[in-house]
Amino acid sequence: MQSVTRINDFVVKFANVNGSGSASANSLFAKSILRMGVPVAARNIFPSNIQGLPTWYEVRVTEAGNLGRRGGVDLMVAMNPQTWDRDVAEIEPGGFLFYDSTKPLPATKFRSDITVVGVPLTAMCNDKYALPRERQLFKNIVYVGALAALLGMDIAVIEQLLAEQFASKPKLISANVEALEMGRAYAAENLTPLDLRVQRADKVGDRVYIEGNMAAALGAVYGGATVCAWYPITPSTSLAEAFTGFCEDYRTDPDGKARYAIVQAEDEIASIGVVVGAGWNGARAFTCTSGPGISLMNEFIGLSYFAEIPAVIFDVQRGGPSTGMPTRTQQSDITLAAYASHGDTKHPMLFPKDPGECFEFGALAFDLADRLQTTLFVMLDLDIGMNEWLCEPLAWDDSRVLDRGKVMTHEDLESGREFGRYLDVDGDGIPYRTYPGTHPDKGSYFTRGTSRNPYAKYSEVGSVYVDNMQRLLRKWDTMKTLMPSPIRRDASTSAAHGVIYFGSTTPAMDEALLVLEQQGVHLDALRLRAFPFSDEVMDFIAQHERVFVVEQNRDGQLRSLLINEGQIDPARLPAVLHYDGTPITARFIVDAISKLIDEAPHPMRQAAE
């Protein structure tokens, strides 16, 4: 049997039971490798109950910096008997299986093409600890210690992380270090180091390790948000919680007076109602939710669109339909957000690729919502939102001035400037607004969700309604010039075909492009960062014979938007779809595109070659 030999380039997967306390130990393992200067990409795959169901934590050790999921497992840490067969089957040929060998298992439970490493974790912890909960919790730290010895990790780095984690509880530091040493000593005395090795490097640099939800919440603070109304829903809850913490630190006066309002409403409908009301009053306000919440918010979203009131929604997408897979990731709400509400509505969306862009777009969203006077969606997903990602430091320009858009002041109104709430004086489709109380007798208007004329007076005259709807389309065209531009990456050789992708697909797509190039498949690539689509997007499609559209949902929702908005022949946009609830992998993308090329008519295969 040929074992896998890799240094700073392998995948470890932990198979645990939810509620066992394994999450913190697995995170400790990943962060220890980061502290050794080696990039990691870690993803937590957890169930939608509190305790008892299977959970997995996957760590990709990647000195090369490939932060998407690769696919396949080199070392499986199998701590869950319920999923044993499935977990063992995932191991790459020549890989390694680490397990609790307290109870003997029949030979049929193993594979002949992998190396099996057993440590009697339960027996060791039963001998050491009297309390059942201690036995369970410290078993996780014991296996981290054993893995550290087997992989050549610096045990001092792990001890330092434990000291930082339990700085306020010194007794827990010594107890955890003792458990760590138990595992390290056993492995050092009884086992042979693996051919998977972690060696110190200097590839992390000044990058930060942060969840997308936290980065987005911080972006909202920097973007001037002072109101958050929300209702708990996985996987967006931690965004509101993070915003609350940041506001307590940064939006509280020295005398303790809060300069913010956070409302945990009775439901999603009330949440978006508070946001729209606050936006009408001039505050920068947002809610965070997921697909089921968007469904409930549709009527208020329509009011925001038609009455032209700024609002921001952070949509942390999960698997649907209905309750679907609430703790799994998908890009499932694209068409829902784009056309939310009824009638002829369209809403702008931002597509961050990682926590760095979650921060950037989290701030930008409020400028755009004010400028465009509409609901704007920031489309995260569970993979970005709830997992920690390695990304560039969150940067902010202190000279930046918040863009409040077209707002008439008391002085403007006093000067005699004409005010019509829905009057298009600049030809860009965006009217001027006033804040309540701006002037005692000028600039007032009645906000309504019904049809009205440019001066906000109720009207059911067909031509007046049509003029207003056409103005909203002019505003839509203006949006195309204000949203973040797509990022283009051309192949090293002239390419007849292209690929479009967005959001959390990005790191896996970046790696897949390199692999395809090595295989002789040359693709120009375009990463979308916003909807509506700029002219660059349609030009990119027009320049290529076919353009693969890679996304994480069943129905090709982004592809549908491209077809609908650009009047594109569907045959020119082959779909690459991944929707099993786990983050897409580079291997999946490579295999899917290669298959589509092989199955295509002969001219397409020839062009790819």
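Some notes on this structure:
- Helix 506-518 axis, angle to the chain major axis (alpha carbon atoms, nearest 10°): 70 degrees
- The amide H of L196, built 1.01 Å from its N in the peptide plane, has R6 as neighbours under 5 Å, considering only residues 5 or more places off or on other chains.
- Karplus-derived 3J(HN,Hα), 6.51/-1.76/1.60, for each residue of region 167-178, Hz, glycine and proline x: 4, 8, 9, x, 4, 6, 4, 5, 5, 6, 5, 5
- Cα-based helix-to-principal-axis angle, 237-250 vs the chain, degrees rounded to 10: 80 degrees
- All C-alpha to C-alpha distances of region 261-314, sorted into 5 Å bins beginning at zero, yield P(r) values of 4, 24, 35, 26, 10, 1 percent in whole numbers.
- Separation of the A185 and D253 label points, Cα + 7 Å toward Cβ, nm: 5.9 nm
- Using a Förster distance of 35 Å, the FRET efficiency for Q165-Q519 (Cβ separation, nearest 0.05): 0.20
- Cross-link reach list, lysines versus K203, counting only Cα pairs under 19 Å and skipping chain neighbours closer than eight places: K31
- Nearest 10 degrees, 0 to 90: helix 268-280 Cα axis against the chain principal axis: 50 degrees
- Here the relative contact order of region 1-134, from alpha carbon pairs under 8 Å that lie six or more residues apart, stands at 26 percent.
- Normalised by 2.2 N^0.38 Å, with N the number of residues, the alpha-carbon radius of gyration of region 6-197 equals 0.96.
- Here the sum of -39500 (n - 2.57) over DSSP H runs of 4 or more residues, divided by the residues of the chain, equals -12500 deg cm²/dmol at 222 nm, to the nearest 500.
- Cα-based Kirkwood hydrodynamic radius, region 149-221, one decimal, Å: 15.1 Å
- Across region 410-482, the volume of the C-alpha convex hull divided among the residues equals 104 Å³ per residue.
- Considering the chain at the alpha-carbon level, its Rg and Dmax are found to be 26.9, 89 Å.
- Three principal axis extents describe the C-alpha atoms of region 487-608; from largest down they are 34, 32, 25 Å.
- Secondary structure note: in region 6-197, about 50% of the DSSP beta bridges are antiparallel.
- Label-to-label distance for T493 and K595 is 2.5 nm, based on points extended 7 Å past Cα in the beta-carbon direction.
- Residue pairs exceeding 28 angstrom between C-alpha atoms, taken from K257/K406; K442/K480; K406/K442; K109/K171; K257/K442: K257/K406; K442/K480; K109/K171; K257/K442.
- In terms of surrounding Cβ atoms within a 10 Å radius of their Cβ, V221, V77, V119 rank from fewest to most as V221, V119, V77.
- 11 Å beta-carbon shell around A258, net charge (K/R +1, D/E -1): 0
Every number in this text was worked out from the coordinates using simple rules, so none of it is lab data. Fair warning: this is a prediction, and the values are worked out from it, not measured in the lab. Positions of Cβ are backbone-derived with ideal geometry, glycine not excepted, and every protein chain shown enters the neighbour counts.
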